[in-house]
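The values are calculated or read from the model by the stated rules, or taken from the named source; none is laboratory data. Given the structure is predicted, the values throughout are model-derived calculations rather than measurements. Glycine also receives a Cβ, built like all others from the backbone with ideal geometry; neighbour counts cover every protein chain displayed. Ligands, DNA and RNA are stripped out before the accessible areas are found, and what is left, the full protein with its side chains, is counted by its heavy atoms. Shrake-Rupley method; radii C 1.70, N 1.55, O 1.52, S 1.80 Å.
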Amino acid sequence: MLVLLPPSEGKTPAPDGAAPVDLAALTSPALTAHRDVVLDALAAASARPDAHDVLGTTPGLADEVRRNTSLRTAPAGSAADVYTGVLYGAADLTGALASGGEAARRAREDVRVVSALWGALSPADRVPAYRLSMAVDLPGVGKLATAWRPHLAPVLDARAAGDVVVDCRSATYVGAWKPAVSGPRSADWVAVRVVREHAGKRTVVSHNAKHTRGVLAGHLLRRAAASPSSAAELLDAASELVGTVIGTEVGSGLSYRLLETTLHDATTRSGPRTLELVIG
């Protein structure tokens with residue numbers, strides 16, 4: 001399996017004194033040259049008077065934008081620690097990496113965070129905290145989803161070929177790389193969709209969706225059975241969570257369970273199948 005995650009919007013800086021990023025040591029060295037280009041372009045854009053307009057940030061994020069100007073020397077930590085938020089809290093990639101054994105191997109080798117700055121990272125890769133969205137049109141680079149496409153395709157196509165891709169990304173990050181669903185490097189591409197059932201109606205949710213995707217990712221890393229290698233096997237793995245309490249509603253404090261899992265066919269010839277997770 002290949003589990004694709006979006007980066008968290010907020011990031012936790014590594015402790016002062018930690019070693020800086022080593023671009024050559026990051027996963028997928030074929031991406032190093034473009035990482036270098038984007039890193040320099042981000043530093044230049046972040047030093048501009050109109051940096052907030054260029055990066056689509058608010059003045060309240062001034063410190064984070066300023067930090068972008070010195071990322072080569074900033075302290076770095078594992079991506080599992082730097083990326084924080086609802087999805088990452090539920091997946092607990094840090095715990096998986098620290099556990100050793102199969103869960104740690106899966107976290108290192110079977111999970112990739114698709115990033116506007118780094119392209120694609122393993123949770124074990126060491127990076128500094130930064131602020132950059134894939135939706136940005138970065139001066140000197142262009143629209144980042146478009147700019148990353150030719151670089152990510154050969155790397156991720158080779159990794160995904162013949163396997164199941166568990167896609168937990170948002171649409172902005174899907175734009176940077178889409179698995180091939182036909183041809184010699186085709187993959188079984190499955191997008192994860194979460195809906196909430198209440199009073200007989202099903203609605204799309206945001207916060208709980210992120211949490212539920214994180215729970216699924218963590219389950220796939222830690223389950224005793226072999227990793228799924230097809231959409232059907234992914235459905236079976238997700239179904240193991242049906243009936244279990246997987247989270248708590250923000251505000252009400254009420255717990256919610258996974259009620260149902262369904263695998264839907266692709267709606268377009270080149271699109272993904274959908275794994276629908278119903279919570280309530």
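Determine, yes or no, whether His198 is over 29 Å from His151 (Cα atoms), open to solvent by less than 50 Å² (accessible area, probe 1.4 Å) and in contact (Cβ under 8 Å) with a residue 60 or more places away in the chain.
It is false that His198 is over 29 Å from His151 (Cα atoms), open to solvent by less than 50 Å² (accessible area, probe 1.4 Å) and in contact (Cβ under 8 Å) with a residue 60 or more places away in the chain.
When region 265-279 is examined, which residues are found to be open to solvent by 40 Å² or more (accessible area, probe 1.4 Å) and either charged (D, E, K, R) or in contact (Cβ under 8 Å) with a residue 40 or more places away in the chain (or both)? Give the derivation first.
Step one: list which residues in region 265-279 are open to solvent by 40 Å² or more (accessible area, probe 1.4 Å), which gives 265-270, 273.
Hits for region 265-279 are Asp265, Ala266, Arg269, Ser270, Arg273.
From the list Val174, Val204, Val166, the lone residue that is out of contact with any Lys or Arg (no Cβ under 6 Å at 6 or more places or on another chain), open to solvent by 40 Å² or more (accessible area, probe 1.4 Å) and of a type outside the set (S, T, N, Q) is Val204. Are any of the residues in region 210-232 open to solvent by 40 Å² or more (accessible area, probe 1.4 Å), closer than 24 Å to Ala171 by Cα, over 21 Å from the mean Cα position of the chain (by Cα) and without any contact (Cβ under 8 Å) to a residue 40 or more places away in the chain? The answer is yes, given that some residue of region 210-232 is open to solvent by 40 Å² or more (accessible area, probe 1.4 Å), closer than 24 Å to Ala171 by Cα, over 21 Å from the mean Cα position of the chain (by Cα) and without any contact (Cβ under 8 Å) to a residue 40 or more places away in the chain.
A search for C-beta distances below 9 Å between a residue of region 17-32 that is touching a residue at least 12 places away in the same chain (Cβ under 8 Å) and any residue that is assigned to a loop (DSSP other than H, G, I, E, B) and among the acidic types (Asp, Glu), counting only pairs 6+ apart in sequence or on different chains, returns Val21/Asp125; Ala25/Asp125; Leu26/Asp125; Thr27/Asp125.
Scanning region 180-209 for residues that are within 19 Å of the chain's Cα centre (by Cα) and of a type in the set (Asp, Glu) gives a single hit, Asp188. List every residue pair whose Cβ atoms sit under 6 Å apart, with the two residues 6 or more apart in sequence or on different chains, where the first one lies in region 159-178 and is free of Cβ contacts under 8 Å to residues at least 60 places away in the same chain and the second, anywhere, is part of a helix (DSSP H, G or I). The qualifying pairs are Gly175/Ala145.
Looking only at region 31-64, count how many residues are in contact with a Leu (Cβ under 8 Å, 6 or more places away or on another chain) and closer than 26 Å to Trp177 by Cα.
Selection size over region 31-64: 13.
Sub-6 Å Cβ pairs linking a first residue in region 127-155 that is crowded, with 16+ Cβ neighbours inside 10 Å to a second residue that is among the charged types (D, E, K, R), at least 6 apart or interchain, are Ala129/Lys11; Arg131/Glu64, ordered by first then second residue.
Conditions tested, residue by residue: (1) of a type in the set (A, V, I, L, M, F, W, C); (2) closer than 25 Å to Arg149 by Cβ.
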position	(1), (2)
Lys178	no, yes
Asp188	no, yes
Val192	yes, yes
Ala231	yes, yes
Ile246	yes, no
Val250	yes, no
Leu258	yes, no
